[in-house]
Amino acid sequence: MKIRFGKTYVYLAEYRMPILRARFARRFGLESTPVVVPGERRHPGNVHAVFLIWQPQATAWYVTNALEALAEAGINVTLVVNHPLSEARLAELRPFADRIMLRDNSGRDMGGYRDAILSFAGREPERLLLMNDSVYYFRTGLTEMVQRLATSPCDVCATYENWEYHHHFQSFCYSISRYMLEQPEFQRFWRDYLPVNARPWAINKGEVGSSRCMVRLARSSEVLFNPVKLREALAGLDAVGLQDLFGHLPIDLRPPADGPQLRQETVIRQLMDAVVARSQIHTGGFLYRRFLGAPLIKRDLLFRLQYQLHEIETLLNIVGTEGHTADIITEMRAKGIGFQLRGRARQRFLLDL
C-alpha cells in the first residue's frame with residue numbers, strides 16, 4: 001500500500017502538476033521568455049542549427065565536437081541553454097554561436113526547440129537543423145553528417161527513427177526544409193505546444209507529436225542511419241561473424257548464447273528485427289557506428305540498463321571513441337542505473353518521468 005501511495009503521489013506531483021502549472025502559465029500569460037544574447041560567429045548563407053544543451057557545470061567534449069563540426073559546415077548556430085550561465089561560460093560559448101538563447105528549462109528539450117523555432121518566424125532559414133546533447137558526438141564523420149543534414153533535398157532528414165509503438169523521427173538530431181517551416185500547420189503546432197516539464201509529455205506530445213505533424217506535411221523524407229543500409233553493410237559477413245554481433249545488441253534483445261548455428265540470412269533477419277524493435281540508436285547504435293560510421297552514441301545506455309557497464313566499455317573499444325572511453329564510462333558510472341535509485345527518484349524512474 002505504501003509503495004502504491006508513493007507512486008501515486010509522484011505521478012500527481014511530477015506529471016499532473018507540471019501540466020496544470022503549464023496550463024495556468026499559458027492561460028494567464030505567465031510563461032517565461034528566453035533572453036537572446038548575440039554570439040560572435042556568423043556564416044554567410046541561410047542555413048541554421050538549433051543546438052540545445054544542458055551543461056550546467058562545464059561544456060563537455062562532445063558538445064564542443066558538435067559545435068566545431070557545425071562551424072566547419074558553415075552553419076549558423078542558435079545555442080539554446082536550458083540553465084543559468086555564468087559570464088565566464090557565456091564568453092566561452094559565444095565564439096561558437098550566431099546567438100545564444102538563455103531559458104529556464106520550461107518544457108525541457110521540446111520547450112527549447114519551440115522557443116527557437118518560433119524565433120525564426122518571418123525569416124525562415126533555407127534549412128534548419130535541430131540537435132541536442134543527449135548523445136555523444138564523435139568527430140570522425142560528424143562534419144560530413146551535418147553537411148548531409150544541411151543539404152538534404154528532403155523536407156525532413158533524420159539521423160534515426162523509432163517504430164516501437166508508433167513511428168516517429170527521433171528528435172536529438174534532424175533537419176527540416178524551409179517549406180516545412182513555412183507550413184501553417186507546422187507553425188501552429190509549435191505555437192500551441194505546451195512546454196510541460198515531464199518526460200512522457202515531452203516525448204509523446206513533443207517528439208512524437210511534432211514528428212506526426214512533419215510526416216503529414218513532408219513531400220519527402222529520409223533517414224540517414226537505417227536498417228536497409230545496415231543490412232547491406234552486414235551482407236559480406238558469414239553466419240559465424242554475424243552471430244558474434246549479437247553482443248552488440250541490448251541485453252533483452254540477444255538470443256540465447258547456446259542457441260544453434262544459424263544460416264546467414266536467418267542471423268541477419270534476427271539482427272534487423274532486434275534493431276527495429278525500439279529506438280534504433282539504443283538497439284543498434286553500436287552496429288551503426290561500427291559498420292556505417294555513425295558519429296553518435298546515446299548517453300543513457302547504462303542508466304536505462306540497455307547494457308552492463310563492462311559491456312559498454314568493451315563495445316566502445318570496438319567501435320572507437322577517439323580516446324573518450326574513460327570520459328564516457330566515468331559519466332555513466334556517475335549517473336548510475338535507474339533501477340538502483342532510491343526514494344522519490346526511483347519512483348520517477350519507474351514511472352518514466
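For the residues Phe303, Phe138, a 1.4 Å probe over the protein chains yields an accessible-area ranking, largest first, of Phe303, Phe138.
Using a probe of 1.4 Å, the accessible surface attributed to Lys229 totals some 70 Å² when neighbouring protein chains are kept in position.
When the chain is treated as a GNM with alpha-carbon contacts under 10 Å, the residue of Gly112, Gly338, Gly241 showing the greatest mean-square fluctuation is Gly241. Of the residues Ile75, Ile318, Leu253, the one whose Cα sits farthest toward the positive end of the charge dipole of the chain, with +1 on the Cβ of Lys and Arg and -1 on the Cβ of Asp and Glu, is Leu253. Exposure check, 1.4 Å probe, all protein chains in place: Thr151 carries approximately 110 Å² of accessible surface.
Remark: segment 273-287, residue by residue, has Karplus-estimated 3J(HN,Hα) of 4, 5, 4, 8, 5, 9, 4, 6, 6, 7, 7, x, x, 6, 5 Hz, where x stands for each Gly or Pro and the curve is 6.51 cos²θ - 1.76 cosθ + 1.60 at θ = phi - 60°. Separation of segment 134-201 and segment 218-234, taken as the distance between their Cα centroids, equals 15 angstrom.
With +1 on each Lys and Arg Cβ and -1 on each Asp and Glu Cβ, how big is the dipole of segment 274-353 about its Cα centre, in debye rounded to the nearest 20? Here segment 274-353 has a charge dipole of around 400 debye.
Solvent-accessible area assigned to carbon and sulfur over segment 208-353 amounts to 51 percent, based on a 1.4 Å probe.
Applying the Karplus relation 6.51 cos²θ - 1.76 cosθ + 1.60 with θ = phi - 60° to segment 337-347 yields 3J(HN,Hα) values of 10, x, 5, 8, 5, 10, x, 5, 5, 5, 5 Hz, where x marks Gly and Pro. Each of Met17, Met101 has its accessible area taken with a 1.4 Å probe; listed largest first, they run Met17, Met101.
In order along segment 66-80, phi translates into HN-Hα couplings of 5, 5, 5, 5, 4, 5, 4, 7, x, 9, 6, 10, 9, 8, 9 Hz, rounded to whole numbers, per the Karplus curve 6.51 cos²θ - 1.76 cosθ + 1.60 with θ = phi - 60° and x for Gly and Pro. Computed from the alpha carbon atoms alone, the convex hull of the chain holds 152 Å³ per residue.
Take Ser220: with every protein chain present and a 1.4 Å probe, its accessible area is about 40 Å².
Each of Glu87, Glu164 has its accessible area taken with a 1.4 Å probe; listed largest first, they run Glu87, Glu164.
Note on Arg42 and Arg27: their simple-model spin labels are 4.3 nm apart, each label 7 Å out from Cα toward Cβ. Remark: segment 63-113 carries a charge dipole of roughly 160 debye about the Cα centre, counting +1 on each Lys and Arg Cβ and -1 on each Asp and Glu Cβ.
Let me make sure I get this right: for segment 252-295, a, b and c are the square roots of the gyration tensor eigenvalues over alpha carbons, sorted descending. Under 1.5 in a/c it's rounded, otherwise prolate if a/b > b/c, else oblate. Which is it?
Judged from the Cα gyration tensor, segment 252-295 comes out prolate (a/c at least 1.5, a/b above b/c).
Residues whose amide H lies under 5 Å from that of Val77, counting only those 5 or more places away or on a different chain, are Ala49, Asp98, Arg99; hydrogens are built 1.01 Å from N in the peptide plane. Per residue, the chain exposes 46 Å² of solvent-accessible protein surface, assessed with a 1.4 angstrom probe and all protein chains in place. Does segment 48-155 classify as rounded, prolate or oblate by the C-alpha gyration tensor (a ≥ b ≥ c root eigenvalues; a/c under 1.5 gives rounded; else a/b over b/c gives prolate, otherwise oblate)? Oblate is the answer for segment 48-155, as a/c is 1.5 or above yet b/c matches or exceeds a/b. Here segment 15-100 exposes an accessible surface that is 57 percent carbon and sulfur, computed with a 1.4 Å probe and the other protein chains kept in place.
The values are calculated or read from the model by the stated rules, or taken from the named source; none is laboratory data. None of these values were measured; they are calculated from a predicted model. Here the Cβ is made from the backbone with ideal geometry for all residues, glycine too, and neighbour counts use every protein chain on show. Note: areas computed on protein heavy atoms with side chains; ligands, DNA, RNA excluded. Shrake-Rupley method; radii C 1.70, N 1.55, O 1.52, S 1.80 Å.
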